[in-house]
1. Using modelled amide H (1.01 Å from N, peptide plane; none on Pro or chain starts), what sits under 5 Å from the amide H of Asn118, excluding residues fewer than 5 places away?
2. With a ≥ b ≥ c taken as the square roots of the eigenvalues of the C-alpha gyration tensor of segment 217-262, please select rounded if a/c is under 1.5 and otherwise prolate if a/b is larger than b/c or oblate if it is not?
3. Between Ile105 and Glu281, how high is the FRET efficiency from 1/(1 + (r/R0)^6) when r is the Cβ-Cβ distance and R₀ = 35 Å? Nearest 0.05.
4. Under 5 Å between amide hydrogens, which residues at least 5 positions from Leu30 or on another chain qualify, with H placed 1.01 Å from N in the peptide plane?
5. Give the distance, in whole Å, between the Cα centre of segment 235-280 and the Cα centre of segment 123-149.
6. Quick check: from the Cα gyration tensor, does segment 130-282 come out rounded (a/c under 1.5), prolate or oblate?
7. What does the net charge come to around Phe8 if you take all other residues with beta carbon closer than 10 Å to its beta carbon, with K and R at +1 and D and E at -1?
8. What list of ³J(HN,Hα) couplings, whole Hz, do you get for segment 331-338 from phi and the Karplus terms 6.51, -1.76, 1.60, once you set θ to phi - 60° and write x for glycine and proline?
Amino acid sequence: MGKKSVSFIINPISGTRGKDSIVKLIPEYLNGDLFEVEMIFTERSGHAAQLAEEAAAKGVDVVVAVGGDGTVNEVARSLTHTSSALGIIPCGSGNGLARHLFIPINPVGALKILAECNIERLDYGKINGRPFFCTCGVGFDAFVSQRFAAAGKRGFLTYVDNTLKGGLSYKPETYQINFDGEEQTHEAFLIACANASQYGNNVFIAPAASMNDGLMDVTILEPFNLLEAPQVVLQLLNKTIDRNPHARTFQCRRLHIRRDRPGVVHFDGDPMECGTDIDVELIPQGINVVVNPKEQKISVPLLSTFTDIYNNMSIEMDRLRENLTHDIRQTNERIRHINAELLRKLRKES
């Protein structure tokens, strides 16, 4: 049996960590007697997709995305319906697909999984023709992805900051949805279509989602008030959002969404502008992926993470209360002024 060919597509600027140390580790963990390795660095946006397409055309056994979620999506979408398998060395701020597949976030652990080369044929999805592998959706999560992309600074805290600030001003929309011949209307905070279980950072929008069942898990989160927000956050972190009274969940192969006006959607966390009609579909067993066959317990610093989020949310809520209090005082003062003026006029006329 000959050597397996492996192409590493490395985005030197994406994600939250440098790639030099990973480049040095690759020969150590991929035995030269078993693997024929090449490393290629991307030079521009979209270059990873082009390089992955070229590698697949040459019949490379495994094409590895070294970068953030955007790099993973670029590489993966060029490998659908080919014999080449996707490998992942996660270096992003969310790492949703890697986390769902139990691929370690540390490079050494990820390289060890890659060296075992366990490959499975998995599902992927499309939103208006654009492939996604974790999640896609409309509503608040798409709104936040647009703000996050424009922030210029990556990382979990940036995501949380945009989520909290956006949550105070975001207005839910009304959507008409059609699936399996059934039509429904929902006022929704968000509609998430999930091939995998999470957005990233162990934030689980579809806890029961599987990448090999031929179905996508849809979560509709209906509007909730500020006092309920901490509970929503906690349930996203502890994999119980499907039990929230504002959540509606179901599975399907295809989903049509209609909204009143054009706007942003997201695919794997990347924002995209589109029209009023949105088509989402699940493609069964459309991509080969190197997976971790030994499911691991996910270690989530839940208490500290939730505490940080709750504290930030409390600060934003305090600011909102201060603004409301100031507005109420101004309104009351204006009412008193109007009443005094009316009373003065009444006295004058009498």
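The numbers here are math on the coordinates, done by the rules we state, and not lab data. Nothing here was measured: the structure is a model prediction, and the numbers come from that model. Backbone-built Cβ (ideal geometry, glycine too); neighbour counts: all protein chains shown.
1. Val291
2. oblate
3. Efficiency, from the Cβ-Cβ distance: 0.70.
4. Residues meeting the amide H criterion: none.
5. 8
6. Numbers: a/c = 1.30, a/b = 1.22, b/c = 1.06.
It comes out rounded by the Cα gyration axes.
7. Values: positive: Lys19; negative: Glu38.
Charge balance in the 10 Å sphere: 0.
8. Running phi through 6.51 cos²θ - 1.76 cosθ + 1.60 with θ = phi - 60° gives 5, 4, 5, 5, 4, 4, 5, 5 Hz.
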